[in-house]
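Trainee: I am attaching a structure below and will ask some questions about it afterwards.
The values are calculated or read from the model by the stated rules, or taken from the named source; none is laboratory data. Bear in mind that the values here come from a model prediction, so they are computed numbers and not experimental data. Positions of Cβ are backbone-derived with ideal geometry, glycine not excepted, and every protein chain shown enters the neighbour counts.
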Amino acid sequence: MDELGAYAAGTYKDHFNSWTNALQLVGYEPIQKYRVSKEAILDDIASLADALGKPPTASEMRSKGKYSVKLAQNHFGSWNKALQAAGYDPHHRHRISDEALFEEIRRLVDELDKVPTAQEMRDHGQYSHRPYFRRWDSWQAAIQAAEYEPVGYPSGPENHKWKEQSAHEWRGYGDNWRVQRLKALKHDDFTCQTPGCERTQKEHREEFGVGLNIHHIRPLSTFGETESEVDFERANQLDNLVTVCVEHHYLWERASPLRLDTR
């Protein structure tokens with residue numbers, strides 16, 4: 001309105017107390033302030049950083065970004081905080097170092113008295129979980145790179161759940177796996193079944209670069225002691241499979257053989 005209208009937006013605010021009120025009085029629905037998600041803004045910052053070869057300034061975001069700096073500020077509190085959430089150092093204008101990311105994991109370990117989950121990093125960390133996924137492809141890999149044991153993923157003889165041939169390390173899922181995996185995705189409408197999470201296959205690929213995971217509710221180890229003995233026909237039955245995102249897969253691993261959803 002300020003750029004193309006006959007009157008300034010301030011005029012409408014003076015007359016109707018707000019721009020939203022003015023729109024509603026003439027029968028239009030105002031654009032919702034936070035219709036664009038935080039994840040979309042972070043994706044935009046990362047894409048622009050890749051194109052520029054450095055973190056974008058607020059001015060560069062205004063001129064070349066898909067979303068406005070103001071929208072980023074509304075979501076994150078400031079442009080610097082938006083850059084931090086995207087995994088960049090706003091003070092030095094370069095990518096946050098691996099050591100800085102590891103240090104934040106160590107800080108949360110001390111604060112929480114346990115290895116943090118990706119959700120806890122997103123909720124309580126200085127950075128979001130996103131730079132860890134971009135740098136190491138998964139949260140578990142980032143935790144291992146920081147020299148901690150990923151939550152819910154036993155490995156090594158020091159872990160009380162470790163087995164000489166752990167089911168978590170098996171790579172084969174039987175001859176019918178591809179067919180059953182697709183059936184599970186279709187059954188779950190290509191959406192993560194973790195309560196409170198509604199990531200779709202498309203959103204998951206955009207956020208993590210891979211498709212949704214398929215989790216065995218009853219672990220493979222209950223269908224045979226070794227990989228060669230596993231009854232994959234039974235293990236891969238549809239009622240034993242559930243679609244989950246990489247961020248919440250560990251929750252299902254910890255709950256196994258129970259379901260986390262209500263079905």
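Trainee: On the given criteria, is THR57 touching a residue at least 12 places away in the same chain (Cβ under 8 Å), of a type outside the set (Gly, Ala, Ser) and over 20 Å from PHE208 (Cα atoms)?
Mentor: yes
Trainee: Just name the residue that is modelled with the lowest pLDDT out of those in the stretch 151-196 that are among the charged types (D, E, K, R), in a loop (DSSP other than H, G, I, E, B) and under 26 Å from the mean Cα position of the chain (by Cα).
Mentor: So, considering only residues that are among the charged types (D, E, K, R), in a loop (DSSP other than H, G, I, E, B) and under 26 Å from the mean Cα position of the chain (by Cα), the one modelled with the lowest pLDDT is ARG171.
Trainee: Given the conditions (1) among the hydrophobic types (A, V, I, L, M, F, W, C); (2) in a helix (DSSP H, G or I); (3) free of Cβ contacts under 8 Å to residues at least 60 places away in the same chain; (4) more than 19 Å from ARG62 (Cα to Cα), which single one is not true for PHE133?
Mentor: Only one criterion is unmet by PHE133, namely (3).
Trainee: Just to verify a result, which residue in the stretch 45-60, among those that are part of a loop (DSSP other than H, G, I, E, B) and not β-branched (Val, Ile, Thr), is farthest from GLY87 (Cα to Cα)?
Mentor: My answer is GLY53.
Trainee: Still on this structure, please answer the following. Can you work out which of the residues in the stretch 77-113 that are at positive phi and not small (Gly, Ala, Ser) is modelled with the lowest pLDDT?
Mentor: Within the stretch 77-113, the match that is modelled with the lowest pLDDT is ARG93.
Trainee: OK, next. Assess whether GLU227 counts as being closer than 27 Å to LYS38 by Cβ, in contact with a Phe, Trp or Tyr (Cβ under 8 Å, 6 or more places away or on another chain) and either surrounded by 13 or more Cβ atoms within 10 Å (Cβ to Cβ) or at pLDDT below 90 (or both).
Mentor: no
Trainee: Assess whether SER63 counts as being more than 27 Å from CYS197 (Cβ to Cβ), hydroxyl-bearing (Ser, Thr, Tyr) and at pLDDT 85 or above.
Mentor: When the stated conditions are applied, SER63 passes them.
Trainee: Continuing with this model, one more query. Yes or no: the stretch 69-90 includes at least one residue that is surrounded by fewer than 18 Cβ atoms within 10 Å (Cβ to Cβ) and among the hydroxyl-bearing types (Ser, Thr, Tyr).
Mentor: yes
Trainee: Among the residues in the stretch 201-209, are any at pLDDT 90 or above and under 17 Å from the mean Cα position of the chain (by Cα)?
Mentor: No; the residues of the stretch 201-209 include none that is at pLDDT 90 or above and under 17 Å from the mean Cα position of the chain (by Cα).
Trainee: Okay, moving on. How many residues does the stretch 24-40 contain that are in a helix (DSSP H, G or I), at pLDDT below 70 and not polar (S, T, N, Q)?
Mentor: Number satisfying all stated conditions: 0.
Trainee: Kindly indicate which of ASP44, ASP50 is of a type in the set (Asp, Glu) and surrounded by fewer than 18 Cβ atoms within 10 Å (Cβ to Cβ).
Mentor: Every option except ASP50 fails the conditions.
Trainee: Going through the stretch 236-245 one residue at a time, which ones are over 12 Å from HIS215 (Cβ atoms) and outside any loop (DSSP other than H, G, I, E, B)?
Mentor: Of everything in the stretch 236-245, those that are over 12 Å from HIS215 (Cβ atoms) and outside any loop (DSSP other than H, G, I, E, B) turn out to be LEU238, ASP239.
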